[in-house]
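The values are calculated or read from the model by the stated rules, or taken from the named source; none is laboratory data. Here the structure is a predicted model, which is why all the values come from computation and not from measurement. For neighbour counting, all protein chains shown are included, and Cβ atoms are generated from backbone atoms with ideal geometry for every residue, glycine included.
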Amino acid sequence: MYEQTFYEIALILGLAAILGTVGLVLRQPLIVTFLATGILAGPSGFSLIKSYGQIELLAHIGISLLLFVVGLRLDLRLIRSTGPVALATGLGQIIFTTLFGFFIAYGMGFSFIGSLYISVALTFSSTIIIVKLLSDKKEINALHGKIAVGFLIVQDIVAIVSMIILTAIGGGMEAEGATFSKIALIAAKGFALLAGLGLIMRYVLPGLTRRLAFNQELLILFAIAWAVFISAIADYLGFSKEVGAFLGGISLASSGYREAIAARLVSVRDFLLLFFFIDLGSRLEITTVGHQIGNAIYLSLFVLIGNPLIVMAIMGFMGYRRRTGFLAGLTVAQISEFSLILAALGVTLGHITKEAMNLVTLVGVITICFSSYMIIYSSVLYRWLASFLKIFERKNPYRENVVSAGCVVPEVDVLLIGLGNYGSNLAQHLIERGKRIAAVDFDPQVLEVWQARGIPVVFGDVGDPEFLDNLPLHCSAWIVSTVRDRELSLTLLHLLKERRYEGRIALTAMNEEEARLYYSHGAHVVLKPFSDASEEAADSLTEAMHLLPGDIDWPFALKEIRLKKSSVYAGQRIRDMNIRNLTSISILAVSRAGRVYLEPDPDFQLFPGDRLVIMGEPAMLKNAEDMLEETVHHDLHLEPKRIATAEVEIGHNSPIAGKSLAELRFRKTYGTTIIGIIRKGERIPMPGANEILNEGDRLILIGKPETIEKIKKASPL
């Protein structure tokens, strides 16, 4: 018996792996391939499944783990951070989809309760699929991504509440008074369960998880045991095991270790959830599906088109741009695993027939397949439909303009696009160097932080074709993008060329191949954060501290300090620093590009990025560190805005004719550099010090604009 079950599961898993590979090539979520596995393994396919009891048990465990992880990651602060739009859109979409979906299903001939189940099932969207697709597209932190995750959480909460209510009314065939009494009793039990969990969350779980966290395996074991324990209590009180698992997850959601627990459980959850979809697919009777194809197509079109339109209408009314509403709306263009769980619960409770269950499953397969492609190619779809979507945007989409400052300064040195971790650090270093910056990002919260620091900010998403229309291009010398998306970066270059941007452009590349591509398309500078960080890491691993003895029995201490590029001491000799007299410390070693210089002499010159190992009394080391971290103050009024070039002719009887560049000491005398000579039509690039200047030579000069102008006025020389 057990061997037969083992063989069955082995064959099913092999089939799931094969179909999963096919789905990966077709860019389909695994849910679709799991359902296909169930259909092929069930009676409509190869009839591989015989041990339905064991498969169903694993399916129930998978659902419980799914709801436990959902509860564990439930962050109500995310709903608050996206403002009222998450609640308004989430609840509004559920209400309107239920209303329209009910009339569509009722018109198809389903009963009142069956139509209600179908319509409610159409309201839920898959948090798992949406978060995965948005993460793959790096849009999870975009404004539409945050709003989408916010209303998906609202949907999840409504789904759980729906399951609680359905569990409470049971078979639904009792008298009205009895049903009301049962609901009241369930509500009282639920209140007691929540109150007990609240007390445990407040006084027991924080200290317990903190102690268990010293052993990760024990922490994970406790989390699973806790989920099963709360599930058992919930089931005993009349709730479902799944609801108990959800509450168990919420009880640990405030723990500082929830991410570690969730990360460990995700793989187990995905593996066990496979059996739920296989079980569901195996029960999908293909013979009864044929006559439901028409109904499934109608309902699928409603989900694929109607749900996004509902979201766009709500978000447009609330003051969001049509692009934000469109991208957020696409995330509700499919039904979720909760829809299938709800329909399965309806069959178990006797509320709906298998026919309705099969219809919901078929709609799930269709909408998940098509909506995945809609999200993947959302930018292309928006470009096609942008002109038709204007009705979903107010004349003043004020919610996305509230942090836009436009060109609020007459001129900035850098317009920085993207304020993620890398962009924020880059902005900080630019400010430290005295550069005036304006910042652009799609996260209103991040922009508000920088705006509070007095930095001009503009709301915008580089993926929006209308993005550049809101930027102060004419008042920025540099446009620097920290966006790490090849297509978006190339699009930005193209759009800047179309608008005849005259400043310089810097892009961020993931690798050398991208860097070469950006240079070939006109980028002036390419930033390579991973390459730069790896070089910095290599310097850290080849520092000099490990060469020094660790058993010095004297009241001295050692400390390593990295000399910043903006340090006032960068480029100075140790002798000129006078650090010994000022702080009484000594520089024992300097590590540079993997090489260590022990006991550097007074004439040793320090360069930016050098790592200095200093020795002295502990109290004096702090003074030395403060001294070495002093940075150069940049006076923007004294810095040249640009370098100028000019072509100047050596005239007849010029005093410099017949002399070499070395004799003239040209750079010191005139304050400019000769980068080329045109002599009788011949070009001489970068002439050497012994080059003799002749009458009629045309000198190509480079230097400060004011110096070049002075020489041009004296031309010919």
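Structure above, values below:
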{"item": "Within the stretch 418-461, considering residues that are farther than 18 Å from LEU492 by Cα and in a strand (DSSP E or B), the one modelled with the highest pLDDT", "result": "ILE437"}
{"item": "Any pair with Cβ under 8 angstrom, 6 or more apart, that starts in the stretch 512-525 at a residue that is farther than 15 Å from LEU488 by Cα and ends at one that is part of a helix (DSSP H, G or I)", "result": "GLU512/SER531"}
{"item": "Residue list for the stretch 422-449, restricted to those being among the hydroxyl-bearing types (Ser, Thr, Tyr) and without any contact (Cβ under 8 Å) to a residue 60 or more places away in the chain", "result": "SER424"}
{"item": "Of residues in the stretch 596-623 being under 40 Å from the mean Cα position of the chain (by Cα) and of a type in the set (D, E, K, R), the one surrounded by the most Cβ atoms within 10 Å (Cβ to Cβ)", "result": "ASP610"}
{"item": "For LEU415: the one exception among (1) assigned to a strand (DSSP E or B); (2) over 25 Å from the mean Cα position of the chain (by Cα)", "result": "(2)"}
{"item": "Conditions (1) touching a Leu at 6+ places or on another chain (Cβ under 9 Å); (2) among the basic types (Lys, Arg); (3) within 15 Å of GLY616 (Cβ to Cβ): number failed by ARG580", "result": "(1)"}
{"item": "Residues satisfying the stated conditions in the stretch 19-39, i.e. in contact (Cβ under 8 Å) with a residue 24 or more places away in the chain and not charged (D, E, K, R)", "result": "GLN28, PRO29, LEU30, ILE31, VAL32, PHE34, LEU35, ALA36, THR37, GLY38, ILE39"}
{"item": "Qualifying residue in the stretch 38-50 (condition: surrounded by fewer than 20 Cβ atoms within 10 Å (Cβ to Cβ), at pLDDT below 80, among the aromatic types (Phe, Trp, Tyr) and outside the structural domain of ILE278 (by TED's automatic domain parsing))", "result": "no"}
{"item": "The stretch 520-530, subset closer than 11 Å to THR508 by Cα and in a helix (DSSP H, G or I), residue modelled with the lowest pLDDT", "result": "PHE530"}
{"item": "The stretch 35-44: number of residues that are under 7 Å from GLY281 (Cβ atoms) and either out of contact with any helix residue (DSSP H, G or I) (no Cβ under 9 Å at 6 or more places or on another chain) or assigned to a helix (DSSP H, G or I) (or both)", "result": "5"}
{"item": "Residue tally, condition β-branched (Val, Ile, Thr), under 20 Å from ILE293 (Cα atoms) and either surrounded by fewer than 22 Cβ atoms within 10 Å (Cβ to Cβ) or not assigned by TED's automatic domain parsing to the domain that holds SER126 (or both), over the stretch 336-364", "result": "1"}
{"item": "Pick from the stretch 491-515, criterion in contact with a strand residue (DSSP E or B) (Cβ under 9 Å, 6 or more places away or on another chain) and part of a helix (DSSP H, G or I), ranking: surrounded by the most Cβ atoms within 10 Å (Cβ to Cβ)", "result": "LEU492"}
{"item": "So GLY703, is it within 12 Å of ALA646 (Cβ to Cβ), in contact with a Gly (Cβ under 7 Å, 6 or more places away or on another chain) and surrounded by 14 or more Cβ atoms within 10 Å (Cβ to Cβ)", "result": "yes"}
{"item": "Verdict on ALA16 being in a helix (DSSP H, G or I), in contact (Cβ under 8 Å) with a residue 12 or more places away in the chain and assigned by TED's automatic domain parsing to the domain that holds GLY319", "result": "no"}
{"item": "Answer from SER371, SER379 - the residue that is crowded, with 24+ Cβ neighbours inside 10 Å and part of a helix (DSSP H, G or I)", "result": "SER371"}
{"item": "Criterion violated by THR324 - all others in (1) over 25 Å from the mean Cα position of the chain (by Cα); (2) over 30 Å from ALA223 (Cα atoms) satisfied", "result": "(1)"}
{"item": "Conditions (1) of a type in the set (Asp, Glu); (2) exposed (fewer than 15 other Cβ atoms within 10 Å of the Cβ); (3) modelled with pLDDT of 80 or more: number failed by GLU536", "result": "(3)"}
{"item": "Residues that are of a type outside the set (Val, Ile, Thr) and under 31 Å from the mean Cα position of the chain (by Cα), drawn from the stretch 223-240", "result": "ALA223, ALA227"}
{"item": "Residue within the stretch 53-66 that is surrounded by fewer than 22 Cβ atoms within 10 Å (Cβ to Cβ), on the phi > 0 side of the Ramachandran plot and modelled with pLDDT under 80 present", "result": "no"}
{"item": "Single residue of the stretch 462-479 satisfying the filter (at pLDDT 75 or above and small (Gly, Ala, Ser)) that is surrounded by the fewest Cβ atoms within 10 Å (Cβ to Cβ)", "result": "ALA477"}
{"item": "Some residue of the stretch 605-615 being touching a Pro at 6+ places or on another chain (Cβ under 7 Å), within 26 Å of ASP532 (Cβ to Cβ) and not basic (Lys, Arg)", "result": "no"}
{"item": "Whichever residue in the stretch 228-269 is within 13 Å of PHE68 (Cβ to Cβ) and of a type in the set (D, E, K, R) and, among such residues, is surrounded by the most Cβ atoms within 10 Å (Cβ to Cβ)", "result": "GLU242"}
{"item": "LEU133 vs. criteria farther than 25 Å from PRO397 by Cα and either assigned to a helix (DSSP H, G or I) or of a type in the set (D, E, K, R) (or both)", "result": "yes"}
